[in-house]
Amino acid sequence: MKKYTVKVIAILVLLALALTSAAAEDGKVYRTLDEIKASGTINIGVFSDKNPFGYVDENGEYQGYDVYFAKRIGEDLGVAVNYVSTEAANRVEYLETGKVDIILANFTVTAERAEKVDFALPYMNVALGVVSPESRVIKDLSEIGADDQVIVISGTTAEDYLIKNNPEIKLQKYDTYANAKTALENGNAVAWANDNTEVIAFALENEGYEVGIPSLGSQDTIAPAVSKGNETLLTWINDEIVALAAENFFHADYEATLVDTYGLDYEDSLVLEGGGQAK
């Protein structure tokens, strides 16, 4: 009897180890759509210092273009939104570890990132741009000297682009947008390379700066991202983006959150409805 019991226990232990191993190999860290609904809360990663896309206002509330979309996601899912502050460099990590369900933080779609996360349909156009002081406007990367430095945010497409295409340019890297802006204002570098939406906003809001290079590299898109393999949530987001086109949702989002910064001239070139059909 004892031998039988020992054998049963051994078999159960081996079975448990096999199941654990299979789960580990599967690598599932995400919550499915049904699990999110059952919990009553969705975790969405957004910026907290990138006005007007994602920031915390004077009342401690999250605001901005991405936050406006996040709120609608929560409403249509019937769950509360838990905003998780993220930096550019940890957007992929937060999805890979299941810290968030969705990233909505000006996440540019790239082939390299798509190997690690799943992108939904895009909702915005973006390219890279370069802003510099009016006293020395950089209109071409060739004007950057050997001793000059260019500010970038770690983990952004601007950093990747310059490392790949212009390795001779010395980069001054920062983890947050606030620190990058301060560094440029303090004259620590000759220019700042970032999403053109960000550098255009900086030049409009700060006298003495000009976007000498409004478009650098290819035209890209910004899209929501979920953990790799989270098909149920990905499908829901794609269906949501398509459905929202019927009400020109992202144009309304732009006019509520971005128009004070960019005006109406940029609206049709930046906004994407229905996953790629600009209105």
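The values are calculated or read from the model by the stated rules, or taken from the named source; none is laboratory data. Since the model is a prediction, treat every value here as computed from it, not as a measurement. Neighbour counts run over all protein chains shown; Cβ positions are idealised from the backbone, glycine included.
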Failed item in (1) under 30 Å from GLY187 (Cβ atoms); (2) modelled with pLDDT of 95 or more; (3) charged (D, E, K, R); (4) surrounded by 15 or more Cβ atoms within 10 Å (Cβ to Cβ), with LYS50 passing the rest:
(2)
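Restricting the search to region 82-100, which residues are over 23 Å from THR197 (Cα atoms) and surrounded by 21 or more Cβ atoms within 10 Å (Cβ to Cβ)? Working first, answer last.
First, pick out the residues of region 82-100 that are over 23 Å from THR197 (Cα atoms): 82, 93-100.
TYR94, LEU95, VAL100 - these are the residues of region 82-100 that are over 23 Å from THR197 (Cα atoms) and surrounded by 21 or more Cβ atoms within 10 Å (Cβ to Cβ).
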Within region 162-171, track down each residue that is buried (at least 17 other Cβ atoms within 10 Å of the Cβ) and within 21 Å of the chain's Cα centre (by Cα).
LEU162
Determine the pairs where a residue that is within 13 Å of ASN230 (Cα to Cα), located within region 90-117, has a partner that is acidic (Asp, Glu) with Cβ atoms under 7 Å apart, the partner being 6 or more residues away or on another chain.
LYS116/GLU96
Whether any residue in region 136-146 is over 24 Å from ASN238 (Cβ atoms), without any contact (Cβ under 8 Å) to a residue 24 or more places away in the chain and either of a type in the set (Val, Ile, Thr) or surrounded by 15 or more Cβ atoms within 10 Å (Cβ to Cβ) (or both) is what I want to check.
yes
Only one residue in GLY229, GLY212, GLY187 is over 14 Å from the mean Cα position of the chain (by Cα) and over 21 Å from ASP147 (Cα atoms), so which one is that?
GLY229
Take ASP118 and decide whether it is touching a helix residue (DSSP H, G or I) at 6+ places or on another chain (Cβ under 7 Å), at pLDDT 95 or above and crowded, with 22+ Cβ neighbours inside 10 Å.
no
Looking only at region 190-244, how many residues end up being buried (at least 20 other Cβ atoms within 10 Å of the Cβ), within 26 Å of LEU171 (Cβ to Cβ) and hydroxyl-bearing (Ser, Thr, Tyr)?
2
Region 132-161, subset assigned to a helix (DSSP H, G or I) and not charged (D, E, K, R), residue nearest to the chain's Cα centre (by Cα)
THR157
Given the conditions (1) surrounded by 15 or more Cβ atoms within 10 Å (Cβ to Cβ); (2) part of a helix (DSSP H, G or I); (3) among the small types (Gly, Ala, Ser), report the number of the one that GLY129 does not fulfil.
(2)
